[in-house]
Amino acid sequence: MPLLPILEFPDRRLRVKARPIAEVTDAIRTLANNMLETMYAAPGIGLAAIQVNQPIQLIVLDISEEKNQPMILINPKLAPVGDERSCYDEGCLSVPGFYETVERPAKVQVEALNEHAEPVGFVAEGLLATCIQHECDHLNGKLFVDYLTTLKRERIRKKLEKQHRES
């Protein structure tokens, strides 16, 4: 399967709001599998279709140590469960080399379709909840750097722009 190029901040295409997937087709399944291969190779634990310049509501993730529990979520919807919050040091394949602490709901109810167009629903917590929220933010044109102060976000943007110019 081909590895897909990953867009990097501050690319404007990362700010596009993804559209729902009307039908789960073989092309969608192929894209999801290519995204998984790209994510594993990067290496990362999650990837949204918008990050590979596909503005559709598709995310893939695998938080397992062995990288053998891939999850494909199509048209995901999230709702916080309770008021508890948690903080994780987040990184992003679209913001390579940077990690910052982000606070999010500790638990979320997830509703989506899987790669077979079957509805799935579950409560996610811990790293899984953080990862799913992070990837779903991408579907809305939001990056983890948007949770940071303007000063931190601008420093990261300038460093990445400099790296892009030099490469």
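The values are calculated or read from the model by the stated rules, or taken from the named source; none is laboratory data. In this text the structure is predicted, and so the values were computed from the model without any measurement. Every residue, glycine as well, gets a Cβ built from its backbone with ideal geometry; the counts of neighbours run over all protein chains shown. Calculation scope for accessible area: heavy atoms of the full protein, side chains included, ligands and nucleic acids excluded. Shrake-Rupley method; radii C 1.70, N 1.55, O 1.52, S 1.80 Å.
Quick query: amide H of F98 versus all other amide H atoms, modeled in the peptide plane; which residues come in under 5 Å with a sequence gap of 5 or more or a different chain?
Placed amide hydrogens put C92 under 5 Å from F98.
Ordered by residue, what ³J(HN,Hα) values in Hz, to whole numbers, does the range 63-79 give under the Karplus form 6.51 cos²θ - 1.76 cosθ + 1.60, where θ = phi - 60° and Gly and Pro are x?
9, 5, 4, 7, 6, 10, 10, x, 10, 10, 10, 10, 6, x, 10, 10, 9
Within the chain, how many Lys pairs sit with Cα atoms under 24 Å apart, leaving out pairs fewer than 8 places apart on the same chain?
Lysine pairs, 8 or more places apart or on different chains, close enough: 14.
What distance in nm separates the two pseudo spin-label positions at R13 and F122, each 7 Å out from Cα along the beta-carbon direction?
Taking the two extended label points, one gets 3.1 nm.
Taking the Cβ of A117 as the centre, find all other residues whose Cβ is under 15 Å away and add up their charges (Lys, Arg: +1; Asp, Glu: -1).
That works out to -4.
Calculate, in nm to one decimal, what E161 and E111 gain on full extension: separation in residues at 0.36 nm each, minus their alpha carbon distance.
Fully extending the segment from E161 to E111 adds 14.4 nm.
State whether the range 87-167 is rounded, prolate or oblate according to the following rule on the C-alpha gyration tensor (a ≥ b ≥ c being the square roots of its eigenvalues): a/c under 1.5 gives rounded; otherwise a/b larger than b/c gives prolate, and the remaining case gives oblate.
Cα axes put the range 87-167 in the prolate bin.
Keeping all protein chains in place, calculate the accessible area per residue for the chain (probe 1.4 angstrom), answer in Å².
Per residue, the chain has 53 Å² of solvent-accessible surface.
From the square roots a ≥ b ≥ c of the eigenvalues of the alpha-carbon gyration tensor of the chain, which class results: rounded (a/c under 1.5), prolate (a/b over b/c), or oblate?
oblate
Using the Cα centre as the reference, give the magnitude of the dipole from point charges on the C-beta atoms of the range 32-164 (Lys, Arg: +1; Asp, Glu: -1; all else neutral), rounded to the nearest 20 debye.
Here the range 32-164 has a charge dipole of around 680 debye.
Is the range 69-121 rounded, prolate or oblate when judged by the Cα gyration tensor, a ≥ b ≥ c being the square roots of its eigenvalues, rounded requiring a/c under 1.5 and prolate requiring a/b larger than b/c?
Taking the square roots of the gyration eigenvalues as a ≥ b ≥ c, the range 69-121 is oblate.
If you take the beta carbon distance between I63 and K142 as r and set R0 to 22 Å, what does 1/(1 + (r/R0)^6) give as a FRET efficiency, to the nearest 0.05?
So, using R0 = 22 Å, E works out to roughly 0.60.
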